[in-house]
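Notes to accompany the following structure.
Just so it is clear, none of the values below were taken in a lab; they were calculated from the coordinates. These numbers come from a predicted model, not from an experiment. Quick reminder, even Gly has a Cβ in these numbers, built from the backbone with ideal geometry, and neighbours come from all protein chains shown.
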Amino acid sequence: MSFMFILVIVLVLIGLFFATIFNNLVRLRQSVAESWSAIDTELRRRYDLIPNLVETVKGYAGHERGTLEAVTKAREAAASSQGSPQVQAQNENILSGALRQLFALSENYPQLKANENFMQLQRDLDETENRLSQSRRFYNANVRELNTMVESFPSSILAGATGFKSAQYFEIDDNAARGPVAVKF
């Protein structure tokens, strides 16, 4: 009788142990999804600011069509990207490069640099870049926690059996794009 009682207690403890691991995996997966949502929100804000910035620059530097078209195409590609964080990061690299060209172009137009609307858009974009950077760090920290749990023993056994997979980090490959867009006045 006592052997059965001990066996039941051991089985219940093992069940509770695996239930705790499973619940932690679910919590971490949800944290990754939530933090990706924060990145998506900041990216959408960024995409909304760019057309206004391009229109403002057009008023002063309309004949710089190549740069303006590059920014517009890069924005459209990044905004329509629905792929993995790695694919999204590649599109963001292209967009960041195009924005750097746009801001470099503004150096040639003193009236544009003095335009209040342009300056406000630059500040808004810089603020968005800072928030995006914070969101990336938050997302990557959550991915690190999930990946550690998915790859560590004994949780790796339960993760593999229940279909939990490691998440991808949101990394930017372009070293120049690792920081916020340079805003120069």
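Observations on the structure shown:
- Of all residues in region 42-93, those being of a type in the set (V, I, T) and surrounded by fewer than 14 Cβ atoms within 10 Å (Cβ to Cβ) number 1.
- Cβ pairs under 9 Å, 6+ apart, first in region 145-164 and under 14 Å from N24 (Cβ atoms) and in contact (Cβ under 8 Å) with a residue 40 or more places away in the chain, second aliphatic (A, V, I, L, M) and not in a helix (DSSP H, G or I): L146/A167; V150/A167
- The residues in region 1-48 that are of a type in the set (A, V, I, L, M, F, W, C), in a helix (DSSP H, G or I) and more than 23 Å from S84 (Cα to Cα) can be counted, and the count is 18.
- Filter result for S135 (part of a helix (DSSP H, G or I) and touching a Ser or Thr at 6+ places or on another chain (Cβ under 9 Å)): yes
- Odd one out for L102 among (1) of a type in the set (A, V, I, L, M, F, W, C); (2) in contact (Cβ under 8 Å) with a residue 60 or more places away in the chain; (3) part of a helix (DSSP H, G or I); (4) touching a Leu at 6+ places or on another chain (Cβ under 8 Å): (2)
- Qualifying position, being more than 27 Å from the chain's Cα centre (by Cα), under 24 Å from A141 (Cα atoms) and not basic (K, R), among A19, A78, A61, A33: A19
- Members of region 100-112 found to be closer than 16 Å to I50 by Cα and not aromatic (F, W, Y), listed by number: R100, Q101, L102, A104, L105, S106, L112
- Filtered residue count, region 43-87, keeping only those that are in contact (Cβ under 8 Å) with a residue 60 or more places away in the chain and among the basic types (K, R): 2
- Options N142, N117, N108, N130: the member that is assigned to a loop (DSSP other than H, G, I, E, B), touching a residue at least 40 places away in the same chain (Cβ under 8 Å) and either of a type in the set (S, T, N, Q) or surrounded by 13 or more Cβ atoms within 10 Å (Cβ to Cβ) (or both): N108
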